[in-house]
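I have placed the structure first, in the form of C-alpha cells, so that the comments after it can refer back to it.
Just so it is clear, none of the values below were taken in a lab; they were calculated from the coordinates. Predicted model, so just to flag it, every value in this text is computed and none were measured. All Cβ positions, glycine included, derive from the backbone under ideal geometry; neighbour counts span all protein chains shown.
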Amino acid sequence: MTLKWDAWNRLVEAKDGQTVIGVYEFDGLQRRVKRHVDSQAPDNPNGVDTYIHYFHNAAWQTLETRETTTESDQPENLQPKYQYVWSPRYIDAAVLRDKNADTDGTCDDERLYYLNDANFNVTTLVDTNGDAVERYLYDAYGKVTMYDGSWANVRSASSYANVVLYTGRERDAETGLHHYRHRSLAVELGRFGSRDPVGYDGVSLYNYAGSMPIAATDPSGLRLFWPPDSLIGEANKRRGHGPWGDSAQHCWGGCVSGILGAIAADIGEGAYPSGDWLRDILAQHVGAACSLQYHMMGQHLACVLWYCDLCCLTGV
C-alpha cells in the first residue's frame with residue numbers, strides 16, 4: 001500500500017499497487033469531510049466507488065454521514081446514512097448509532113448501542129433488545145479481532161458496517177488505518193503514519209500515546225491524554241474533587257512535596273542534576289520502572305506526579 005500526504009501533513013490518498021482505494025478531503029478547520037472509498041478494498045481492490053460525506057460538531061465529533069456512488073452529488077441533497085450520539089464523559093465515548101435504510105430521510109431503521117472499556121475501546125454492539133450482536137477484542141495498539149455476539153465465530157469484517165472501534169476512533173476499512181483527526185494510526189505497526197505536527201516529544205515523532213496505549217489515548221493525534229475512566233485519569237479527577245473531597249488534594253499535595261523534599265535532602269536543596277544520577281534518585285523514591293520510563297522521555301517531574309496519582313487513588 002502506498003500513502004500520500006499533502007503539505008499540511010494530511011493523508012490525502014491511498015493506493016494498493018496502482019489502484020486508488022482512498023482519497024480524502026478536508027475543510028479549512030483540518031476536519032476530514034469527504035472520503036472516496038473503494039468498497040472492495042482491501043480484499044479485492046477495484047478503484048473508488050463510494051463517496052462518504054461527514055458532518056461534525058464544534059468538538060470535531062462526527063454527528064452524521066451521508067453516502068453516494070456518484071462523486072458529483074452534493075451532500076445537502078443526499079439522504080443521511082448514519083447518525084451518532086456521543087457521551088460527555090470523553091470526546092470519543094460513543095453511545096449509539098442510528099441508521100437510515102430507506103429513503104424517508106430519517107435514521108429510524110436500526111439503532112445500535114456501543115459498550116466500551118476504560119480506554120473507550122468499543123467492546124460490544126448491543127441492539128434495542130439488549131442483546132450483544134457483535135464483539136471486539138484488541139491488542140495493545142488496536143489490532144482488532146471481531147466476533148459475533150455469542151463469541152462463537154470470528155468475523156473478517158463487521159456485519160453492521162461498524163467503524164467506531166479502538167479508543168472510539170474511526171477505522172477506515174480500505175486501509176485498516178484509524179483516523180485520529182490530525183493523523184492516522186497504523187495499528188499493525190503500533191505508531192502513527194506521519195510525523196507529529198506539534199514536534200518532537202523526547203521519544204519519537206511517530207509514537208502513539210507515549211508508548212503507553214493500555215493507559216493513555218491520543219484523540220487529536222497531537223498529544224498523550226489520560227482518559228477520565230483510566231487509573232491515572234481517575235486520580236487526576238480526584239485531586240481536587242470527587243468522593244474523597246478535599247482529602248484527595250491533601251494526599252496528592254503532601255505526596256508530591258514529600259518526595260521532592262526527600263530528593264532535595266539527598267542531593268542538596270536547589271540542586272536538580274540531569275542524567276543517570278537523577279534517574280537513580282527517582283528510582284530510590286518512586287520505583288525503578290517509573291523513573292526509567294520518564295527519564296527516557298525527559299519528564300522527571302511527571303514520574304513523581306504519576307506515582308502520587310497512583311498512591312492517592314489506591315491508598316497505598
In segment 172-187, which residues have a backbone nitrogen under 15 Å from the label point lying 7 Å from ALA157's Cα in the Cα-to-Cβ direction?
-> 172-177
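Do you know the relative contact order of segment 128-224, to the nearest whole percent, from alpha carbon pairs under 8 angstrom that are 6+ apart?
Values: 150 pairs, mean separation 18.2, N = 97.
Over segment 128-224, the number comes to 19 percent.
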Can you check what the Kirkwood hydrodynamic radius comes to for segment 2-192, Cα pairs only, in Å to one decimal?
-> 17.3 Å
Do you know the relative contact order of segment 2-192, to the nearest whole percent, from alpha carbon pairs under 8 angstrom that are 6+ apart?
-> 13 percent
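Stretched out fully, how many nm does the piece from ASP109 to ASN44 gain, at 0.36 nm a residue minus the Cα gap? Could the numbers behind the result be given before it?
On the way: separation 65, 0.36 × 65 = 23.40 nm, distance 2.97 nm.
That works out to 20.4 nm of additional length.
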Three-way shape call for segment 98-206 based on the alpha-carbon gyration tensor, with the a/c threshold at 1.5 = prolate
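How much length, in nm to one decimal, is gained on full extension between VAL85 and ASN57, taken as 0.36 nm per residue of separation minus their Cα-Cα distance? Please list the in-between numbers first.
Working: separation 28, 0.36 × 28 = 10.08 nm, distance 1.11 nm.
Stretched fully, the VAL85-ASN57 segment lengthens by 9.0 nm.
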At GLU76 and LEU29, where each label point lies 7 Å from the Cα along Cα→Cβ, what is the point-to-point distance in nanometres?
-> 1.8 nm
According to a simple spin-label model (label point 7 Å from Cα along Cα-to-Cβ), what is the distance in nm between ALA101 and VAL12?
-> 3.9 nm
Pulled fully out, how much extra length does the chain show between LEU137 and LEU222, if you take 0.36 nm times their separation in residues and subtract their Cα-Cα distance?
-> 28.1 nm
Summing +1 per Lys or Arg and -1 per Asp or Glu among the other residues with Cβ less than 9 Å from THR217's Cβ gives -1
Selection of GluC sites (Glu not before Pro), segment 59-150, meeting DSSP coil and at most 16 other Cβ within 10 Å = GLU71
